[in-house]
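Beneath this line is the structure, given in structure tokens, with notes to follow.
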Amino acid sequence: MNKIKVGVIGSGNIGTDLMMKIQRSPYIEMAVMIGIDPESEGLQRAEAAGVKTITNGIEGFLQQHELADILFDATSAKAHVLHVEKLKGLGKKIIDLTPAAIGPFVIPTVNLQDHIEVDVVNMVTCGGQATIPIIHAINSVQQVEYAEIVATIASKSAGPGTRANIDEFTETTSLAIEKIGGATKGKAIILLNPAEPPLIMRDTILCTLQEQAQEEAIMEAIHEMVAKVNEFVPGYRLKMEPLIDEKQVSVFLEVEGLGDYLPVYAGNLDIMTAAALKVGEEIAQAMIAEEAQIR
Amino acid sequence: MMPIYITEVAMRDGSHVVGHQFTKEQVRNITSQLSAAGMPYIEVTHGDGLGGSSLQYGLSKEYDIELIKEAALVAGNSKITVLLIPGIGTIKDLKEAYAAGAKAVRVATHVTEADVSKQHIEMAKSLGMEAFGFLMMAHSAPPEKVLEQALLMESYGADAVYVTDSAGAMLPSDVRNRIRLLRENLNIEVGFHAHNNLSLAVANTLVAIEEGATRIDASVCCLGAGAGNTQTEVLVAVLNRMEVESGIDLYKMLDLADYVRAEVLPHPQDITTGSLVMGYAGVYSSFLRHANIAGEKVGIDARTILVELGKRHIVGGQEDMIIEVAQQIAKQKVGIV
């Protein structure tokens, strides 16, 4: 089977980690790494791995855009807006890992199939990828009136982009809790924990339901969803059994990373790259199927 | 000597004590009395800052923006200030607080994470507000680290940086080292926020003032998380005796203290075993209530939970860890693990 060729824009932590995951994929091929700093470790690693590199950003790619059909954008919200503009009309699929959110939010286990044909999809936030599947699972049993998530990540895993604009995390996540999770009202809190050695990413989900909780059905839905996310994020797990108390459901998660480029405690970054990879693979499979049909 | 500017925090830090149940009437009464007493700054916000009303930290009885509005109506010459912890509160919340009448904001981060405060400090300044940096859990980092982080806040435009002893764990020498280093190296004012868990709040505050701190937090009747803060009426009395100018009328503060004791305080703010252990263990003061609840739930001593939290360097905001740690200890106790 022919793999679909993909490119990664952005040679920072996320881009580099994503590249390493793509290199193991049976559906997509890491064809090009697009950066702006030839000295960056990401570009150097790509080159060492025999991946084509472009060091003058999106302009460089535009001159040889046949290199990739799917692009992962791991730059910044501002740069992403420009990239989408420049790539218009070239028929590329773009998976946005920045907070720009031009395209619809995608949570692979919840709504990926709805957006498989869309040109630009957005990966929400790390906290969103970790918690929205669970909120959606609970909401599929009973209406969630209010869902609140608390994401605690190791200080060392919060990059300068996150730090300079931490409101983007809380606002984007809250919105996606409502739009994708299905909660009537959403709220997100993020805490940076400087503890040494760094702690693994933790997510707490607190939901208030409209009615008394149907304990058994909710437990089952949560466990099912954890297993589904587990398929592509192996370090995603319940820290303890969910607590159900009348109308309130509390879920405690831990996300351990694979340790590809980033250390295992950075589950927040791992779940973003793993989820983006999953989206890229699904889009690629749809493209392969479509091609087969045309033939 | 430079004048000392006191910020009354009973309606913010004290919000923890009343389970975030302040009423509009209480806020109006306290604010107007504080204003009459000449209090320069009055903080009104959920205990965990703007946006703090949550299942994680406790839901407010009244949305804090509404309380800010009430306070602003009767604040007179006093400035209403708010607390904002980036990651919990946002710029949107800050703008609403400003529209409601807040004139100043303290942007609070854990002592090692000052860089998340940049956008909020800059926005506050561009709105024309006074903006202060607030370095929480300052006992947990060495003085040089506190300085490095304070310099960041200064570079974002902060009008002052506070050394915040959130856990009430600092000894006078800890206060002296940190305030002195900041005073020597910052061009802006230095502030200090104490908790009374080791009965050192007033003493530590005096050390801070001695070392050049000019922005001081205090709470009437000690109304604040843990054993409370530096007791405002006591501090004013002491400053009067020392002939340090605070501009605050002692007798009016004493009258206010009587009102708060009668109408607001659910129980006297003494140094309970829990708060003492907190200062001793060096964990966040607002953990106390949660540790008590968790301890009761799983049948273990809240002190054991607090000491374990301290060992694990749990930081402010990680209230979700408390029940988990409690359950782990309980399991170990019966030998399941």
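Some observations on this one:
- Filter pass, B:HIS110 being in contact (Cβ under 8 Å) with a residue 40 or more places away in the chain, in contact with a strand residue (DSSP E or B) (Cβ under 6 Å, 6 or more places away or on another chain) and within 11 Å of chain A (Cβ to nearest Cβ): yes
- Subset of the stretch A:222-259 [away from chain B (no Cβ under 12 Å), in contact with a Ser or Thr (Cβ under 6 Å, 6 or more places away or on another chain) and hydrophobic (A, V, I, L, M, F, W, C)]: A:VAL229
- Residues located in the stretch B:171-186, provided they are touching a helix residue (DSSP H, G or I) at 6+ places or on another chain (Cβ under 7 Å) and not acidic (Asp, Glu): B:PRO172, B:VAL175, B:ARG176, B:ASN177, B:ARG178, B:ILE179, B:LEU181, B:LEU182, B:ASN185, B:LEU186
- Residue within the stretch B:244-260 that is buried (at least 19 other Cβ atoms within 10 Å of the Cβ) and closer than 30 Å to B:ILE329 by Cβ present: no
- Any hit, the stretch A:145-159, residues being touching a residue at least 60 places away in the same chain (Cβ under 8 Å), within 14 Å of another protein chain (Cβ to nearest Cβ) and assigned to a helix (DSSP H, G or I): yes
- Residue in the stretch B:310-330 that is away from every other protein chain (no Cβ under 14 Å) and either surrounded by fewer than 18 Cβ atoms within 10 Å (Cβ to Cβ) or at pLDDT 85 or above (or both) present: no
- From the list B:GLU43, B:GLU25, the lone residue that is out of contact with any Asp or Glu (no Cβ under 6 Å at 6 or more places or on another chain), modelled with pLDDT of 95 or more, more than 25 Å from A:THR173 (Cβ to Cβ) and surrounded by 24 or more Cβ atoms within 10 Å (Cβ to Cβ) is B:GLU43.
- Pair list, Cβ < 7 Å and 6+ apart or interchain, from the stretch A:70-94 residues that are free of Cβ contacts under 8 Å to residues at least 24 places away in the same chain to residues that are surrounded by 24 or more Cβ atoms within 10 Å (Cβ to Cβ): A:HIS80/A:ASP73; A:HIS80/A:ASP96
- The stretch A:162-211, residues that are facing chain B (nearest Cβ under 9 Å), out of contact with any Ser or Thr (no Cβ under 6 Å at 6 or more places or on another chain) and of a type in the set (Lys, Arg): A:ARG163
- Filter result for A:PRO99 (away from chain B (no Cβ under 12 Å) and under 22 Å from B:THR90 (Cβ atoms)): yes
- Residue ranges of strands (runs of 3 or more DSSP E) in the stretch A:172-266 with at least 3 members not charged (D, E, K, R): A:185-193, A:201-209, A:248-255
The values are calculated or read from the model by the stated rules, or taken from the named source; none is laboratory data. The model shown is predicted, which means the values in this text are computed figures rather than measured ones. Using ideal geometry, Cβ is built from the backbone for each residue, glycine included, and neighbour counts are taken over all protein chains shown.
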